[in-house]
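So the structure is just underneath, and the comments pick up after that.
Laboratory data are not the source of any read-out in this text; all were calculated from the coordinates shown. Small disclaimer: the values here were computed from a predicted structure and weren't measured. Reconstructed Cβ throughout: ideal geometry from the backbone, glycine too, with neighbour counts over all protein chains shown.
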């Protein structure tokens, strides 16, 4: 049973990773993530269900569209694999508990943010702000107490202080940079992203993480 649930966690992560690829590709191009259905970015041919199986289809097609033989970026299976492996690792910490869901959501949101930011240097509000809410849920559920090996907020207050602290630090950096250079050095997406991280890990870990990063 444990092996089956672990496989299910990985498979779920890979499927969600497939959806993340849609978000990562379409958001920078201001396209709907719902319509049209999955299609080749080169020839716009619809992708059949059997060519849309996470990881396996890319390998079977050797990284090319069935219709036009155009290349399919290696990012697609990499995102699916990464999300699947993170879900699997999370399952080994959390098991089949309710805490798995908000933590899995944070993992997937973070992956999407990383790739979108790398392409267009924007951290979308539509991901950041729900992420803060999910982080607050992690604190409210006291997942830091439930999973002591994970660096998580242990109360709703811890999450709230973490979000305020994380956002406040970045706001202070933005303000100081503007005073010195009279230009904006960072965007408010970074403020929201740090609020998300703070809400997930709590205020103590925000300070600790910044100190380790600095040194």
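Relative protection proxy for 39-47, 122-130, from highest mean packing down: 122-130, 39-47 (other beta-carbon atoms within 10 angstrom). Could you give the angle, 0 to 90 degrees to the nearest 10, between helix 203-214's Cα long axis and the longest principal axis of the Cα atoms of the chain? Helix 203-214 sits at roughly 80 degrees to that axis. Shape analysis of the range 123-215 yields a ratio of the Cα radius of gyration to the Kirkwood radius, Rg/Rh, of 1.03.
If I take every Cα pair under 8 Å that is 6 or more residues apart in the range 1-122, average their sequence separation and divide by the length, what percent do I get for the relative contact order? Display every interim value, and only then the final one.
Values: 123 pairs, mean separation 45.7, N = 122.
Relative contact order comes out at 37 percent.
Starting from the Kirkwood Rh over alpha-carbon pairs, what translational D in µm² s⁻¹ does the range 14-70 have by Stokes-Einstein at 20 °C and 1.002 mPa s? This corresponds to a translational diffusion coefficient of 181 µm²/s. Counting only alpha carbon atoms, the long axis of helix 188-201 and the longest principal axis of the chain meet at about 80°.
Counting alpha carbon pairs within less than 8 Å and at least 6 residues apart, what relative contact order, in whole percent, applies to the range 123-215? Kindly include the intermediate steps, with their values, before the conclusion.
Values: 158 pairs, mean separation 34.4, N = 93.
With pairs under 8 Å counted, the relative contact order is 37 percent.
Under the criterion of Cα pairs below 8 Å and six or more residues apart, the relative contact order for the chain equals 18 percent.
Starting with the fewest neighbours, write out 184, 30, 80, 119 ranked by other beta-carbon atoms found within 10 Å of each beta-carbon.
On the way: 184 10, 30 6, 80 25, 119 13.
With the sparsest Cβ surroundings first, the list reads 30, 184, 119, 80.
With Cα atoms defining each centre, the range 104-127 and the range 177-210 are spaced 15 Å apart in the structure.
How fast does the chain diffuse by Stokes-Einstein, in µm²/s, taking the Kirkwood radius from C-alpha pairs at 4 °C and 1.567 mPa s?
Numbers: Rh = 18.8 Å.
Diffusion coefficient, whole number: 69 µm²/s.
Here, the range 1-122 has an Rg and a Dmax of 15.1, 44 Å when only alpha carbons are counted.
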